[in-house]
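Undergrad: Sharing a structure, written as structure tokens. Questions coming.
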Amino acid sequence: MLNFILNPVSSSSSGESVWAVARRILNQRCIDYKVHVTEYPGHATELARRISTSDPFAQIIVVGGDGSLHEVLNGLQNLNTITLGLLPAGSGNDFARGMGISKNTATALTAILEKKHIVAMDIGLIGTKTHSQRFCVSAGMGFDASVCHAFESSGIKKKLNNFKLGSLAYSLLAVQQSFTFDPCTVRVTTDGGREFSFPKVMFAAIMNQKFEGGGCMMAPHADPCDGVLDIFVVTGLPKPAMLAALPLTKIGAHTKVPGAHFLKCKKAVIQSKNPLPVHLDGESGGVQKCISVGLENEKLHVITG
């Protein structure tokens with residue numbers, strides 16, 4: 001049986017529209033399924049925990065965006081025996097973009113039903129002094145996280161989602177946040193004891209996928225199945241220069257910009273001189289001075305396009 005976890009309010013009710021199409025196809029093909037509708041923030045985590053605990057080999061399909069996926073991921077038990085699918089219905093859809101999952105509901109559902117392409121995906125972990133969480137797309141510390149925080153609290157998100165322009169909100173808020181964010185020194189210690197000190201850091205992005213921020217190819221060489229994380233640090237770049245470089249991230253052409261540094265590692269500790277905003281899959285992780293990042297021991301089987 002397929003278990004669908006539906007976020008009906010994802011991207012201004014796009015979840016309901018996507019589910020209407022999927023439900024019609026499922027009923028036409030006489031597919032056995034059960035739908036679990038989220039009713040409040042964090043509910044998807046509870047549902048995923050309950051489903052995966054009762055059935056260690058469950059097939060769970062998320063109808064929503066990266067935020068819904070993040071919640072589900074943090075509820076899953078028996079990671080290496082669960083199969084996860086996605087019907088994209090978010091504003092950013094970076095997970096779908098990175099995993100080659102079609103935004104066309106009928107196409108994505110066909111891939112889920114046929115299960116011709118399933119990959120074993122790495123699951124990221126981020127820890128603070130008080131707790132740890134999983135992430136599937138990316139985590140970040142600094143400017144990119146401040147944009148995520150503003151995105152979640154700003155009315156511009158809802159307004160642009162109404163016109164299917166949610167990804168534009170990221171770009172607009174990035175410009176806004178660039179005028180208020182203050183860079184600081186950041187130290188990165190990776191596995192093997194390698195230490196890097198970066199002055200005037202705008203952000204450190206810990207990437208499991210290539211994309212974040214609604215289609216920005218932050219880590220063009222990232223592979224969610226290669227057993228390592230890609231860390232992208234931007235340092236010493238004047239704000240006007242950073243704003244000028246932002247459009248380059250849409251095509252991954254920012255890698256040669258002065259101040260762009262890329263590291264690959266299985267785990268790392270990132271410490272900043274000043275408290276910085278943190279995000280996980282675009283969701284707020286509060287404000288921290290030190291985070292640790294790594295990978296789960298088990299991988300998750302994901303249905304791709």
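Undergrad: Taking a 27 Å limit on the Cα-Cα distance, which of the listed pairs LYS34/LYS115; LYS239/LYS267; LYS115/LYS264; LYS34/LYS210 fall beyond it?
TA: LYS239/LYS267; LYS115/LYS264; LYS34/LYS210
Undergrad: I would also like to ask the following. At 7 Å along the Cα-to-beta-carbon direction for both ASP55 and LYS239, put a label point, then send me their distance in nm to one decimal.
TA: According to this spin-label approximation, the distance is 5.2 nm.
Undergrad: Turning to a different aspect of this structure: Normalised by the residues of the stretch 224-305, what does the relative contact order come to in percent, with Cα pairs under 8 Å and at least six apart?
TA: 29 percent
Undergrad: If you take every DSSP beta bridge whose two residues both sit in the chain, what share of them, in percent to the nearest 5, is antiparallel?
TA: Looking only at bridges with both residues in the chain, the antiparallel portion is about 75 percent.
Undergrad: Going 7 Å from the Cα of ASN80 along its beta-carbon direction, which residues of the stretch 196-227 have the amide nitrogen within less than 19 Å of the resulting point?
TA: 224-227
Undergrad: So what is the relative contact order of the chain, in percent, for Cα pairs below 8 Å that sit 6 or more residues apart?
TA: 22 percent
Undergrad: Relative to the longest principal axis of the chain, what angle (0 to 90°, nearest 10) does the C-alpha long axis of helix 105-114 take?
TA: 70 degrees
Undergrad: Something else: What full-extension length gain, to one decimal in nm, is calculated for ARG194 and LYS129 as 0.36 nm per residue of separation minus the Cα-Cα distance?
TA: 21.2 nm is the gain from fully extending ARG194 to LYS129.
Undergrad: Consider all pairwise Cα distances in the stretch 237-302 and report the whole-number % of them above 18 Å.
TA: 62 percent
Undergrad: If you don't mind, another one. Using a basic spin-label model with each label point 7 Å from the Cα along Cα→Cβ, how many nm lie between VAL119 and LYS103?
TA: So the label points at VAL119 and LYS103 sit 1.9 nm apart.
Undergrad: What do you get for the angle between helix 14-28 and the principal long axis of the chain? Use alpha-carbon atoms, 0 to 90 degrees, nearest ten.
TA: 30 degrees
Undergrad: Using the Cα centre as the reference, give the magnitude of the dipole from point charges on the C-beta atoms of the chain (Lys, Arg: +1; Asp, Glu: -1; all else neutral), rounded to the nearest 20 debye.
TA: Its charge dipole is roughly 440 debye.
Undergrad: Further question on the same structure: With the contact rule set at Cα under 8 Å and sequence spacing of 6 or more, what percent relative contact order holds for the stretch 37-120?
TA: 26 percent
Undergrad: Same structure again: What are the residues whose amide H is under 5 Å from the amide H of SER91, where those residues sit 5 or more places off or on another chain and H is modelled from the backbone?
TA: SER11, ASP66
Undergrad: Something else: Go through the stretch 189-203 residue by residue and turn each phi into a ³J(HN,Hα) via Karplus (6.51, -1.76, 1.60, θ = phi - 60°); whole Hz please, and just put x for glycine and proline.
TA: Per residue, the Karplus-derived 3J(HN,Hα) values read 10, 9, 4, x, x, 6, 10, 10, 10, 10, x, 6, 7, 7, 6 Hz.
Undergrad: Further question on the same structure: More than 22 Å apart: what percent of Cα pairs in the stretch 2-116 qualify?
TA: Everything past 22 Å amounts to 25 percent.
Undergrad: Could I ask something else about it? Would you work out which of ALA22, HIS43, LEU295 lies farthest towards the positive end of the dipole of the chain? Charges go on Cβ: Lys and Arg +1, Asp and Glu -1.
TA: After comparing all options, I get ALA22.
Undergrad: Can you give me the angle between helix 143-153 and the longest principal axis of the chain, using Cα atoms only, in degrees from 0 to 90, rounded to the nearest 10?
TA: That works out to roughly 50 degrees.
Undergrad: To the nearest 20 debye, what charge dipole does the stretch 2-116 have about its Cα centre, counting +1 at the Cβ of each Lys and Arg and -1 at the Cβ of each Asp and Glu?
TA: 340 debye
Undergrad: Kindly put THR107, THR128, THR45 in sequence by how many other C-beta atoms sit within 10 Å of each C-beta, fewest to most.
TA: Ordered by Cβ neighbours within 10 Å, fewest first: THR107, THR128, THR45.
Throughout, read-outs are computed from the coordinates displayed, never taken from laboratory work. Only a predicted model underlies this, so the values are computations on that prediction, with no experimental measurement involved. Please note: Cβ atoms are built from the backbone with ideal geometry, for glycine as well, and neighbour counts cover all protein chains shown.
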